[in-house]
1. Out of the residues in segment 7-27 that are hydrophobic (A, V, I, L, M, F, W, C), out of contact with any strand residue (DSSP E or B) (no Cβ under 7 Å at 6 or more places or on another chain) and not in a loop (DSSP other than H, G, I, E, B), which is surrounded by the fewest Cβ atoms within 10 Å (Cβ to Cβ)?
2. List the pairs whose first member sits in segment 151-167 and is closer than 13 Å to GLU17 by Cα, whose second member is open to solvent by 50 Å² or more (accessible area, probe 1.4 Å) and part of a helix (DSSP H, G or I), and whose Cβ atoms are under 7 Å apart, counting only residues at least 6 apart or on separate chains?
3. Which one is nearest to the chain's Cα centre (by Cα), of the residues in segment 37-47 that are of a type outside the set (Asp, Glu) and open to solvent by 70 Å² or more (accessible area, probe 1.4 Å)?
4. Restricting to segment 89-144, give me the number of residues that are closer than 30 Å to GLN24 by Cα, loosely packed, with under 14 Cβ neighbours inside 10 Å and of a type in the set (D, E, K, R).
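The values are calculated or read from the model by the stated rules, or taken from the named source; none is laboratory data. What you are looking at is a predicted structure, and each value in this text was computed from that prediction instead of being measured. Because the Cβ atoms are built from the backbone with ideal geometry, glycine has one as well, and the counts that use them run over all protein chains shown. All accessible areas refer to the heavy atoms of the entire protein, side chains included, with ligands and DNA or RNA removed. Shrake-Rupley method; radii C 1.70, N 1.55, O 1.52, S 1.80 Å.
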Amino acid sequence: MNKHLEQLIELSKIDKEIDAFEPQIEAANIKYEAALAKKENIATEIATLDEEIKAEQVKKQKNELHIAELSAKLEENSKKSGDVKTEREMKSLQLEEEIAKEQVSFANEEIERLEKVVENKQGKIAELQGQMEEIDANLSSVKEEVDAKLAEINTERQKVFEAKEKLVSQMNQKGLSFYQKIRRWAKNTTAVEVKNQACMGCYMVINDKVYAEVIKGEEITTCPHCGRILYIEPSTEAAEA
């Protein structure tokens with residue numbers, strides 16, 4: 001096989017190996033990022049519940065103020081009852097008193113309801129704070145696990161980078177430029193095998209002339225359909241022969 005073609009094939013395989021590290025890094029980070037995201041969501045939920053509790057407490061204070069006003073009015077009416085001179089005035093005073101008592105009863109019921117709502121929300125906050133403490137307790141161990149995995153990946157990746165640098169330093173610059181031009185759009189399928197006389201990049205069948213050139217491997221041959229660099233692995237060539 002042509003030396004330059006061998007180098008391009010090897011470079012394609014190395015680049016594919018380098019690109020494969022990215023999903024490994026993402027997979028390693030995802031556990032830690034998921035824990036951080038969960039912690040952030042819990043913090044947001046707690047903040048929302050705090051705001052809701054404040055709103056309920058404001059409603060409760062308004063009802064308490066209303067009860068105080070009604071109590072003052074009832075006390076005032078009680079004093080007025082001694083000065084009532086007519087039955088009509090008495091009935092009017094009694095009606096006001098009944099309405100005020102109903103409003104006091106309703107306000108007390110509302111205060112009781114609001115207190116239960118606040119209590120439930122405070123219970124939920126306590127539960128969420130417990131979950132956050134548990135996440136915090138595990139976060140450092142998760143971070144250590146992730147950092148260890150990333151260090152392992154980076155060590156392997158560095159070895160591959162060094163292999164690429166060594167290979168690129170030995171390559172013909174014209175051939176390297178040609179490879180990089182194709183890689184811009186073909187990514188990890190810059191150089192692909194030919195199987196059953198078909199390009200494994202676009203899966204189109206190539207004609208006999210191009211196929212014969214690929215088998216010979218004396219020149220760098222590209223797919224007439226997609227432009228990728230074509231090659232046949234020695235084992236594949238022997239099997240097809």
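1. Residues of segment 7-27 that are hydrophobic (A, V, I, L, M, F, W, C), as a first pass: 8-9, 11, 14, 18, 20-21, 25, 27.
Restricting the remaining residues to those that are out of contact with any strand residue (DSSP E or B) (no Cβ under 7 Å at 6 or more places or on another chain) gives 11, 14, 18, 20-21, 25, 27.
Filter once more, so that each one left must be not in a loop (DSSP other than H, G, I, E, B): 11, 14, 18, 21, 25, 27.
Numbers: LEU11: 23, ILE14: 18, ILE18: 15, PHE21: 15, ILE25: 15, ALA27: 11.
Residue satisfying both the conditions and the ranking: ALA27.
2. These pairs meet every condition: ILE153/GLN24; VAL160/GLU17.
3. Quick first cut of segment 37-47, residues of a type outside the set (Asp, Glu) only: 37-39, 41-44, 46-47.
Now narrow it down to the ones that are open to solvent by 70 Å² or more (accessible area, probe 1.4 Å): 38, 41, 44.
Values: LYS38: 10, ASN41: 11, THR44: 16 Å.
Within segment 37-47, the match that is nearest to the chain's Cα centre (by Cα) is LYS38.
4. Residues flagged as closer than 30 Å to GLN24 by Cα, loosely packed, with under 14 Cβ neighbours inside 10 Å and of a type in the set (D, E, K, R) within segment 89-144 amount to 4.
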